[in-house]
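See below for the structure under consideration.
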Amino acid sequence: MSTALSPNVPRRPKPSRQLAEIALLSREERLAGRPKLCSDCGICTGELRPFMAQSCVFVNNRAEEIERRLHGRNRRDGDELLFGIYRDLRVFRMRPPVPDAQWSGAVTSLGALLLEHGLVEGVITTGAVPGTRYAPLPILARTPDEVRATRGNKPCLAPTLDVLTQVRQSGLRRIAYIGTGCQVHALRAIEDQLGLERLYVIGIPCTDNTTYPDLQRFLQVVSRSPETVIHHEFMQDFRIWLKHEDGSVEKVNFVDLDVDRLGGQLGVFPPACLSCFDYQNGLSDLTIGYMGAPLPPDERWQWTLIRTERGAELYDLLRSHVEEREPISGGDRTRGMPAYIQMLRQPRKRPPWPIRQLVAFIQRRSGPKGLEFARSVIEMKLLRNLQFVRERHGRLERRIVPGYVYRALARYADVYRREFNRDLEPSAS
Ligand SMILES: Cc1cc2nc3c(=O)[nH]c(=O)nc-3n(C[C@H](O)[C@H](O)[C@H](O)COP(=O)(O)OP(=O)(O)OC[C@H]3O[C@@H](n4cnc5c(N)ncnc54)[C@H](O)[C@@H]3O)c2cc1C
Ligand code: SF4
Ligand code: SF4
């Protein structure tokens, strides 16, 4: 079997822990022995561990270097600073939407189509550990039905890159990969050393991920019936929608979330996800999400950012199976940012119930919509995470915060300086 992997990689690796077992572990258990920041992308669970230093986004964020390799340039001012480099943006849905998918099922449909057309021999995708709904189990799917069976989010850290070992052992040369930004960074960083003939990278946006035990805790706090939640999503109307087995939908305002009961943000989100600057999966061939698409959720509109030539090829494959509509954009995200920055510096207590209802009403009515909603959430996460890195992992800032973050947030530099008494730009020393 041919391989382009470095000779440093052990020929007879110790069998890695079963992925199904890893998925069920707590944060402390699964990240033991790893760097402080680790999203468990799968590089370090098996044979690829020697590639850690060169691929890990939390050791050295190489996003801008990889962008130049993929696109011959870095992000332009404007939307690219938030969305990543793209050549086309579409709002679309599968026709008809796939039942039980997270949205309309575009991601798994695309993986299945690639196999049906013989363009790839396998698809790395994430199913669920048997007996669970949400514990992620990454697999190498060899048939369209195997890919389709992985539809739906398992919103937990998933060591999907571990499956590359299996790809190598099976001698596959043409594969598709479905994953989140931190995983795609690591994959792109070592892509040239994997001996692949063809690689399609289908990205999903991702933020504030958790381990499986923490997800269960989260559902316990948020839902009136955590065991029966079959689908949940942070919607563009500033509410979490939780669908239950009996078909009922529970809606919880973001402002009603009792973060204190979760032990604060640090109690539920891993430090890695609070140090992540690639919500939109900027190094994929195309990213398929929902947050820039219009509501209502039961219409299941999605949006895609088509980034590379290969991404355009992927969307062409989907085209005859989808319907499209014009994107929408409304409101002004920049109005709320000064208050958000103030709140980051000095977190406020949760306001009383009537005030929360008023805030939620105003958010729904006058908050940003469509593309402006996407811009708003991405900006907030960039800023929150920059602040987290500065406060908790200051020495790492130079290595793990890419330059586009400062450019994207430049319009808030004055408010930032006023609130935090320091420059938004990194210091020269
Ligand atoms: C933790 C998390 C947070 C997300 N946050 C956002 C967000 O804020 N905004 C937004 O627009 N989109 C977000 N997404 C993506 C979005 O929810 C949908 O996954 C995406 O729109 C695809 O929907 P679909 O119906 O086309 O996918 P489906 O056809 O249902 O397929 C889902 C695909 O997701 C993959 N997948 C599921 N869980 C994981 C996982 N843990 N790690 C890697 N891959 C996984 C599966 O492999 C499967 O191929 C998030 C996804 C995850 C996992
Ligand atoms: S994020 Fe991935 S590469 Fe980095 S330490 Fe964790 S498993 Fe290893
Ligand atoms: S939030 Fe970022 S670091 Fe965490 S799993 Fe998602 S892409 Fe990876």
Query - Gly247 vs. criteria open to solvent by 20 Å² or more (accessible area, probe 1.4 Å) and among the small types (Gly, Ala, Ser) - result: yes
Requested in this report: Please go through segment 385-401 and pick out each residue that is surrounded by 19 or more Cβ atoms within 10 Å (Cβ to Cβ) and closer than 15 Å to Cys56 by Cα.
Outcome: Leu396, Ile400, Val401
Report task. Would you check if Tyr404 is open to solvent by less than 20 Å² (accessible area, probe 1.4 Å), assigned to a helix (DSSP H, G or I) and touching a helix residue (DSSP H, G or I) at 6+ places or on another chain (Cβ under 7 Å)? Result -> yes
Query raised in the report: Would segment 80-91 turn up any residue that is basic (Lys, Arg) and either within 16 Å of ligand 1 (Cβ to nearest atom) or at pLDDT below 80 (or both)?
Result: yes
Query - segment 23-40 residues that are under 22 Å from Asn61 (Cβ atoms) and of a type in the set (A, V, I, L, M, F, W, C), paired with ones that are modelled with pLDDT under 80 and within 13 Å of ligand 3 (Cβ to nearest atom) (beta carbon under 8 Å, 6 or more apart) - result: Cys38/Leu31
Report task. Taking the residues in segment 231-270 that are assigned to a loop (DSSP other than H, G, I, E, B), more than 23 Å from Thr150 (Cα to Cα) and within 16 Å of ligand 1 (Cβ to nearest atom) as candidates, determine which candidate is farthest from the chain's Cα centre (by Cα). Result -> Leu257
Query raised in the report: Can you find even one residue in segment 282-291 that is open to solvent by 30 Å² or more (accessible area, probe 1.4 Å) and closer than 20 Å to Asn209 by Cβ?
Result: yes
Query raised in the report: Does segment 105-124 contain any residue that is crowded, with 23+ Cβ neighbours inside 10 Å, farther than 21 Å from Phe234 by Cα, among the hydrophobic types (A, V, I, L, M, F, W, C) and within 16 Å of ligand 2 (Cβ to nearest atom)?
Result: yes
Query raised in the report: Can you name the residue in segment 195-211 that is part of a loop (DSSP other than H, G, I, E, B) and more than 8 Å from ligand 3 (Cβ to nearest atom) and, of all such residues, is most open to solvent (accessible area, probe 1.4 Å)?
Result: Glu197
Report task. Give the number of residues within segment 324-361 that are under 26 Å from the mean Cα position of the chain (by Cα), open to solvent by less than 60 Å² (accessible area, probe 1.4 Å) and not hydrophobic (A, V, I, L, M, F, W, C). Result -> 8
**Report entry** Unique residue being more than 13 Å from ligand 2 (Cβ to nearest atom), of a type outside the set (S, T, N, Q) and open to solvent by 30 Å² or more (accessible area, probe 1.4 Å) when the list is Glu67, Glu29
**Finding:** Glu29
Query - Odd one out for Asp192 among (1) in a strand (DSSP E or B); (2) surrounded by fewer than 18 Cβ atoms within 10 Å (Cβ to Cβ); (3) not hydroxyl-bearing (Ser, Thr, Tyr) - result: (1)
**Report entry** Some residue of segment 222-241 being closer than 21 Å to Ala106 by Cβ, buried (at least 21 other Cβ atoms within 10 Å of the Cβ) and at pLDDT below 95
**Finding:** yes
Requested in this report: Scan segment 294-306 residue by residue and report those that are away from ligand 3 (no atom under 16 Å from the Cβ), touching an Asp or Glu at 6+ places or on another chain (Cβ under 9 Å) and either closer than 14 Å to Arg87 by Cβ or open to solvent by less than 20 Å² (accessible area, probe 1.4 Å) (or both).
Outcome: Pro297, Thr304, Ile306
Query - Filter result for the condition that a residue is more than 23 Å from the chain's Cα centre (by Cα) and more than 14 Å from ligand 1 (Cβ to nearest atom), over Arg168, Arg188, Arg217 - result: Arg168
Query - Members of segment 353-387 found to be more than 30 Å from Asp423 (Cβ to Cβ) and touching a strand residue (DSSP E or B) at 6+ places or on another chain (Cβ under 7 Å), listed by number - result: Arg356, Ala360, Lys369, Gly370
Report summary line: Matching residues in segment 261-281 (of a type in the set (Gly, Ala, Ser) and open to solvent by 30 Å² or more (accessible area, probe 1.4 Å)) number 1
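The values are calculated or read from the model by the stated rules, or taken from the named source; none is laboratory data. What you see is a predicted model, and the numbers here were worked out from it, not measured in a lab. All Cβ positions, glycine included, derive from the backbone under ideal geometry; neighbour counts span all protein chains shown. The area values use the complete protein model at the heavy-atom level, side chains included, leaving out ligands, DNA and RNA. Shrake-Rupley method; radii C 1.70, N 1.55, O 1.52, S 1.80 Å.
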